[in-house]
Amino acid sequence: MVTARLKVLIADNDTLARCGVARLLRASRRWEICGETGVAGEAIELARRLRPALAIVDPAHLEGDGLALLRDLPRHAPKVRMVVFTTSRDRETMRRAFANAVLGYALKSEPEEELRETIEAAAAGRRHTSRGLRELALDLLALGPAPAGAPSSHPSGLSDREHAVWLRLGRGEANRVIATGLGMSVKTVEAHVAHMRRKLCLPGIVELRRHATLAAVGG
C-alpha cells in the first residue's frame, strides 16, 4: 500500500537555509514540497491554493510581516501544522509563535537532526523545540501569558507591526531596508521606531537598536 506524501510549504527568504530544508525533506519519501517562497504574502496564497499539511517558516527572514504570517496561515490552510526554523532566539517571537499554534521551533545553527526531530514531532501534532531553545521555551511556559494591563516596558507591549520592525532593527537593517522588506514607507518605519522608543522608555534610536540586537542574539 502506497502512503500519500504530506505536503510541505517552505517560507524563508534565506535561500541557503531553504535549500537545506528542501534537501532534508527530499531525503525522505514521507514529504512532498508543494511550494517555496521568501515572501509572506505569497506564502498565504500558496497555502490557500495548495493546503499544505506542514509549513516551515522563518518569520525573521521574510519579505513582509512574518509574525502576521504565523497568525494568518491557519486561516487559509486550517489543517496546517507549523514549524519555525530560524536564527533568532528572540523571546517575544517565540511567545507569539506558540500563541499562534506553532508546534515546532528549531535553530538553524543546530545539527540537522534537531530540525528532523522537530518536523517529525510537529507532523504528529506534538510541540517540540530543538535542544538550544528548550530552556527558553520552558521559561515562557512557566511565565504563561502576559497579564492584562501589564506595563509595556518589555517588547511584549509592541504591536505586530512594531515587533516586525524591532526584529529587523536587531539584524542591523537600515530604516530604508526595513521599509522595503515590510512593504511600508520609510516614514511609517520612523513612526514605529518613535512609538517603540516611548513604549520601551529608551532615549534614542541607538539604544533601541542596541536592545533589539541583544534580543536577537539572546543577550
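For this structure, a couple of remarks:
- Backbone amide hydrogens, once placed in the peptide plane, bring Glu32 within less than 5 Å of Leu6, Lys7, Val8, excluding anything fewer than 5 places away on its chain.
- The share of Cα pairs per 10 Å bin across the range 52-137, counted from zero up to the longest distance, runs 19, 57, 23, 0 percent.
- Taking the convex hull of the alpha carbon positions in the range 162-219 and averaging its projected area over all directions gives 3.4 nm².
- Under a 5 Å amide H cut-off, with hydrogens placed 1.01 Å from N, Arg81 pairs with Leu54, Ala55 among residues at least 5 apart or on other chains.
- Taking amide H positions as modeled 1.01 Å from N, with prolines and chain starts lacking one, the residues under 5 Å from Thr87 and 5 or more places away or on another chain are Lys108.
- Between the range 158-175 and the range 35-70, the alpha-carbon centres lie 18 Å apart.
- For the chain, the spherically averaged projection of the C-alpha convex hull amounts to 12.2 nm².
- Among His195, His211, sorting on how many other beta-carbon atoms sit within 10 Å of each Cβ, with the fewest leading, yields His195, His211.
- The Rg/Rh ratio of the range 2-74, with both radii computed over alpha carbons and Rh defined as the Kirkwood radius, is 0.97.
Read-outs: derived from the displayed coordinates by stated rules, not from any lab. What you see is a predicted model, and the numbers here were worked out from it, not measured in a lab. Heads up, the Cβs are rebuilt from the backbone with ideal geometry, glycines too, and the neighbour counts pull from every protein chain shown.
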